[in-house]
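The values are calculated or read from the model by the stated rules, or taken from the named source; none is laboratory data. Owing to the predicted nature of the structure, the values given are computational and were not obtained by experimental measurement. As a convention, Cβ positions derive from the backbone with ideal geometry for all residues, glycine included, and neighbour counts pool all protein chains shown.
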């Protein structure tokens, strides 16, 4: 379950990105992230733990500094011992936003999971700090993380590997590089395991900005695939053998491009607002 916030204080945004977001010229996703984080007053902490490349954190710091934030710093947390250090927790406490980079989501979860840094991120998000992540950094944001799985359109019993995530929301299951890596089947499988959460498949260079009101808006050049299991009337997940396809009857699927919105609480999708164009 997400952390309980301070009464009267709005939760922070949750911003999963499908990976490969634009890092030159327009950069609509990163610019929007900086805007909600405070613009010129934003203090952004980058956590490059998922990546094994030494310069990943510094590259994002340069990007955010180029957008004129007040401060941006990288926390190169590479071990669980690092994730327990008071200095790292203090950096989270002072930030207006945290951004988790791409890489390997299991590396991210095994190093951060249950650590003081992870607990600080959860607590601060509940009290208004915004948290974004791209690729692996997006996958880990919900309570249940898609850690791996098969490519392809068809859901199968062994089609997805799940692991615990950060737990910023229990209403979504998030997959990334969605269309580019043909991941519909594994998202459907994940949703069928427990048809409570809404499945969200993020194309590359595409993000959702999930606000404290429980609704999100799509930003970016691709699309977001939303799998709503509310109307699911039949699933063969409990009886299908390993590697067999699974029958799912009654699912609703939405494809949302930039400007479209979705209310996670009411399970309603909305077209872009023409006045906002």
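One table, with the values for the structure above:
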{"item": "Residue list for the stretch 5-49, filter: within 22 Å of residue 263 (Cβ to Cβ) and part of a loop (DSSP other than H, G, I, E, B)", "result": "5, 9, 10, 11, 12, 13, 18"}
{"item": "Residue in the stretch 109-138 that is surrounded by the fewest Cβ atoms within 10 Å (Cβ to Cβ), counting only those that are free of Cβ contacts under 8 Å to residues at least 60 places away in the same chain and in contact with a strand residue (DSSP E or B) (Cβ under 7 Å, 6 or more places away or on another chain)", "result": "113"}
{"item": "Single residue of 145, 162 found to be within 15 Å of residue 104 (Cβ to Cβ), in contact with a strand residue (DSSP E or B) (Cβ under 8 Å, 6 or more places away or on another chain) and either touching a residue at least 12 places away in the same chain (Cβ under 8 Å) or not in a strand (DSSP E or B) (or both)", "result": "145"}
{"item": "Verdict on residue 147 being at pLDDT 95 or above and farther than 24 Å from residue 211 by Cβ", "result": "yes"}
{"item": "Count of residues meeting criterion [surrounded by fewer than 22 Cβ atoms within 10 Å (Cβ to Cβ), within 21 Å of the chain's Cα centre (by Cα) and in a helix (DSSP H, G or I)] in the stretch 93-108", "result": "3"}
{"item": "Residues being more than 20 Å from residue 51 (Cα to Cα) and either in a helix (DSSP H, G or I) or touching a helix residue (DSSP H, G or I) at 6+ places or on another chain (Cβ under 7 Å) (or both) - total across the stretch 63-88", "result": "8"}
{"item": "Residue match in the stretch 195-204 (condition: over 15 Å from the mean Cα position of the chain (by Cα) and either in a loop (DSSP other than H, G, I, E, B) or within 22 Å of residue 33 (Cα to Cα) (or both))", "result": "yes"}
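Yes or no, residue by residue, for (1) within 19 Å of the chain's Cα centre (by Cα); (2) under 26 Å from residue 203 (Cβ atoms); (3) surrounded by fewer than 19 Cβ atoms within 10 Å (Cβ to Cβ); (4) at pLDDT 95 or above:
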| position | (1), (2), (3), (4) |
| --- | --- |
| 14 | yes, yes, no, yes |
| 18 | yes, yes, no, yes |
| 24 | no, yes, yes, no |
| 32 | yes, yes, yes, yes |
| 40 | no, no, yes, yes |
| 45 | yes, no, no, yes |
| 50 | yes, yes, no, yes |
| 56 | yes, yes, no, yes |
